[in-house]
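Data block below; observations after.
Quick note: the coordinates plus some simple rules give every number you see, no bench work behind them. Because the structure is a prediction, the values reported are computed rather than measured. Note that each Cβ is placed from the backbone with ideal geometry, even for glycine, and that neighbours are counted across all protein chains shown.
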Amino acid sequence: MLVALALHSRPVSKGLATPATHKGLHVKGSQIVEGDGSPFVMRGVSHPYAWYKAQNQVYADVKRLGANTLRVVLDGQVTASEVADIVAHCKANRLICVLEYHDTTGHGEQAGSVGLDAAAEFWAGLRPVLQGQEDYVVVNLGNEPYGNAGNEAWTGATKAAIARVRAAGLGNLLMVDAPGWGQDWQGVMRGNAPAVLASDPRHNVAFSVHMYGVYDTAAKVTGYYDAFERAGLPLVVGEFGWKHTDGAVDADTIMREAGARGIGYLGWSWSGNTGGVEYLDVATGFDASSLTQWGKRLFDGPDGIRATAREAEVYAAQAG
C-alpha cells in the first residue's frame, strides 16, 4: 500500500519438492510451515514504521487484539540496529515479523522508486541481523515492485533479487509482491510464480497479492485463489482493505475464502494513512482502544483475526 507519505495505489499440496532440511519458516507445497512442520497462517496488519518510528506500542496492541503477524514497513533509511529492535519487539510480543522494503513501490511509475536490485542489496546488508532469525522473520522482498507498466520485467528482476539475497547467505522465507501495484491484474505473478519458486535454491518463496479495487467481486477473489491452489503454490494476501479509491473491495470473500483455504492475510494498515485514504486506518491515532469501522471488521468481524489467528508454534514451544 502506498500511503500519502510514500500512498498506495487446505488443499493437497502439489508444488515442487521441498528440500529435505529446513530451519525456520518455509514453504511446503501450497503451505507455509514452521521449522517443526506445523502449518502457519498469517493473520495481522501492516505497521508503517518508516514514517512512525516512535509508535512502539503497536506490537503489544496488535498482539492483544489477536494477531499472530506484524508486517513492518521499512525504507532505505532504516538502520540495521533499528531492524534488530523491530525483530526484538516482535519476538517479545510473540509475533511473526514480516519485514517489508517499501522503496520499490510502483517502480517505473512512482517518482523516486527503486528497482528490486536495490532491495536485494538492502537485505544483503542486513545479513548480521537476519541470520539466525529464520523462525521469526519473513523477508518481504519489495513492496509492489512495479506499477501498471513494464510488468514483463517482474519475473527476471524477482529471480535476480532472490539470487542476490541467497548469495548473501540469507535463508529466511522470502515473500514476493506482485506487480501492477501489487494487484497482479495482468496475471504476471500468477503465470510466472512456478518459475520464480523454482529459481530459488532454497525453494522458499511465498507469493503476495494485494487486494483492493481489482478484487471487487467474489469471482475475482476466488479465481485468483483457485489459480494458486491448482498450482500448489503458497499465497498470502499481503495487503487488502475494505474499500479503496480504485473501487469496491470484496473484503468479506477475501477473508472468508482465506480462512477456508488456509491462506494468510494482512490488513492495510494499523494507523497513519493520509492523503484521502484515512479510511484504511485500522486504529484511530494509533489507539488500540479506538478501532475504526475497518478495524472492527478486520479484527472482530466474521472470519476476522481474533477468531482465526493461531500463534506460531515456535512460541508455544518456548513456553513449554
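One table, with the values for the structure above:
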read-out: DSSP-defined beta bridges in the chain - what % are antiparallel, rounded to 5; value: 20
read-out: More than 25 angstrom apart: percent of Cα pairs within segment 205-320; value: 26
read-out: 20 °C / 1.002 mPa s Stokes-Einstein diffusion coefficient of segment 154-280, Kirkwood radius on C-alpha pairs, µm²/s; value: 141
read-out: Lysine-lysine proximity count for the chain, Cα under 29 Å, sequence distance 8 or more or distinct chains; value: 23
read-out: Charged-residue dipole, Cβ positions (Lys, Arg, Asp, Glu), the chain about Cα centre, Debye nearest 20; value: 800
read-out: Of Ala118, Gly142, Tyr315, farthest towards positive along the dipole that unit charges on Lys, Arg, Asp, Glu beta carbons give segment 26-319; value: Tyr315
read-out: Cα-only radius of gyration and Dmax that characterise segment 158-207, units Å; value: 11.0, 33
read-out: Helix-only CD estimate at 222 nm, as mean residue ellipticity for the chain, using -39500 (n - 2.57) per DSSP H run (n ≥ 4); value: -9000 deg cm²/dmol
read-out: Calculated P(r) tail over 23 Å for the chain, as whole % of Cα pairs; value: 51
